[in-house]
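Trainee: The structure is given below, and queries will be raised subsequently.
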Amino acid sequence: MTVFVHGFTQTERSWLPVIDVPRPGSQQEGGVELSILARIPRAATFVETVERLVRFPGSYVGYSQGGRLCLQLALDHADVVHRLALVSASPGIAEDAARAARRTADDQLAREIERDGVDAFLDRWLAQPLFASLPADRAGLTERRQANTVERLTTQLRVLGQGSQPSNWHRLGELAIPVLLIVGALDTKYVAIAEQMAAAISDVHVEVIPDAGHACHLEQPEQVAHLLRSWSGSA
């Protein structure tokens, strides 16, 4: 079983471009679960959300916010997560002051969503330099507008943001499972984060996708699918 967890503003369908890439000469083995965070009962904290994310023992693949959730799950439930793939994800913010500042910034974003609505926020969110290399036809904007609500986005910012989660930098050495870190070469901040993470994990492989940015699973789904299959031995 492989569980895919999406990132902030995305939906479970955001993983379909990766999952639907044909595998030459064989059918998909095992099962796939697409975790949509809106279906998880509302929790008061990041860790409580992780507890409700537990599905089945197997591989967990998470993008950005979803990756941070999967990492926490792997650290807290080593019996559940047998393999871990993180796409453009981090262990959180190490410094207390920086974490507090991020909470304030995320709350301000949440207030903007409450004031301006989902559509205006999504337009601003996807206009960030972080997503400059993401083609408009792969952003799934129509789907995001239909699936997201003010409550869903503000809850994710206030409960699942990096300012609200514990820092897991000091716990990376606890991981005793195979870990794959995938980042886009244009996303230099997260390339550096992946390299720092790799230095602390015993069984780790880092893959940097050329000509891709933060949302590399949307920009180059075929490449991400190939990396996941090669890493899991099911190519």
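Trainee: Return yes when VAL50 is open to solvent by less than 20 Å² (accessible area, probe 1.4 Å), at pLDDT 95 or above and either among the β-branched types (Val, Ile, Thr) or touching an Asp or Glu at 6+ places or on another chain (Cβ under 9 Å) (or both) and no when it is not.
Mentor: Here the answer is no, as VAL50 does not meet what is asked.
Trainee: Among the numbered conditions (1) open to solvent by 40 Å² or more (accessible area, probe 1.4 Å); (2) closer than 23 Å to VAL80 by Cβ; (3) outside any strand (DSSP E or B), tell me where ARG229 comes up short.
Mentor: (1)
Trainee: In region 71-98, how many residues are of a type in the set (A, V, I, L, M, F, W, C), touching a residue at least 60 places away in the same chain (Cβ under 8 Å) and more than 14 Å from ILE182 (Cα to Cα)?
Mentor: 6
Trainee: Still on this model: So how many residues does region 19-42 have that are among the small types (Gly, Ala, Ser) and either at pLDDT below 75 or open to solvent by 50 Å² or more (accessible area, probe 1.4 Å) (or both)?
Mentor: Kept after step one, since they are among the small types (Gly, Ala, Ser), are these residues of region 19-42: 25-26, 30-31, 35, 38.
Filter again for either at pLDDT below 75 or open to solvent by 50 Å² or more (accessible area, probe 1.4 Å) (or both), leaving 25-26, 30, 38.
Qualifying residue count for the region: 4.
Trainee: Does region 1-21 hold any residues that are over 18 Å from VAL118 (Cα atoms) and β-branched (Val, Ile, Thr), and which are they?
Mentor: Selection gives THR2, VAL3, VAL5, VAL18, ILE19, VAL21.
Trainee: In addition: Can you find a residue in region 123-142 that is over 26 Å from HIS226 (Cα atoms), of a type in the set (Gly, Ala, Ser) and in contact with a helix residue (DSSP H, G or I) (Cβ under 6 Å, 6 or more places away or on another chain)?
Mentor: No: region 123-142 contains no residue that is over 26 Å from HIS226 (Cα atoms), of a type in the set (Gly, Ala, Ser) and in contact with a helix residue (DSSP H, G or I) (Cβ under 6 Å, 6 or more places away or on another chain).
Trainee: Checking the condition in contact with a helix residue (DSSP H, G or I) (Cβ under 9 Å, 6 or more places away or on another chain), open to solvent by 10 Å² or more (accessible area, probe 1.4 Å) and farther than 15 Å from LEU157 by Cβ, which residue from LEU86, LEU75 passes? Can you show your working first?
Mentor: Working: LEU86 fails: open to solvent by 10 Å² or more (accessible area, probe 1.4 Å).
Answer to the check: LEU75.
Trainee: Where residues in region 132-165 are β-branched (Val, Ile, Thr), more than 30 Å from ALA200 (Cα to Cα) and assigned to a helix (DSSP H, G or I), which of them is least open to solvent (accessible area, probe 1.4 Å)?
Mentor: THR154
Trainee: Which pairs have Cβ atoms under 8 Å, sit 6 or more apart or on different chains, and link a residue in region 135-154 that is on the phi < 0 side of the Ramachandran plot to one that is among the charged types (D, E, K, R) and open to solvent by less than 50 Å² (accessible area, probe 1.4 Å)?
Mentor: PRO135/GLU219; ARG138/GLU219
Trainee: Taking the criterion of being open to solvent by 50 Å² or more (accessible area, probe 1.4 Å), over 30 Å from ARG42 (Cβ atoms), without any contact (Cβ under 8 Å) to a residue 60 or more places away in the chain and of a type outside the set (A, V, I, L, M, F, W, C), would at least one residue in region 166-186 satisfy it?
Mentor: Yes, some residue in region 166-186 is open to solvent by 50 Å² or more (accessible area, probe 1.4 Å), over 30 Å from ARG42 (Cβ atoms), without any contact (Cβ under 8 Å) to a residue 60 or more places away in the chain and of a type outside the set (A, V, I, L, M, F, W, C).
Trainee: Within region 205-221, can one find any residue that is surrounded by fewer than 21 Cβ atoms within 10 Å (Cβ to Cβ) and of a type in the set (Gly, Ala, Ser)?
Mentor: The answer is no; no qualifying residue exists.
The values are calculated or read from the model by the stated rules, or taken from the named source; none is laboratory data. A quick note: this is a predicted structure, and the numbers were derived from the prediction, not measured. So basically every Cβ, Gly included, is an ideal-geometry build from the backbone, and we count neighbours across all protein chains shown. Keep in mind that these areas ignore ligands, DNA and RNA; they rest on the heavy atoms of the full protein, side chains included. Shrake-Rupley method; radii C 1.70, N 1.55, O 1.52, S 1.80 Å.
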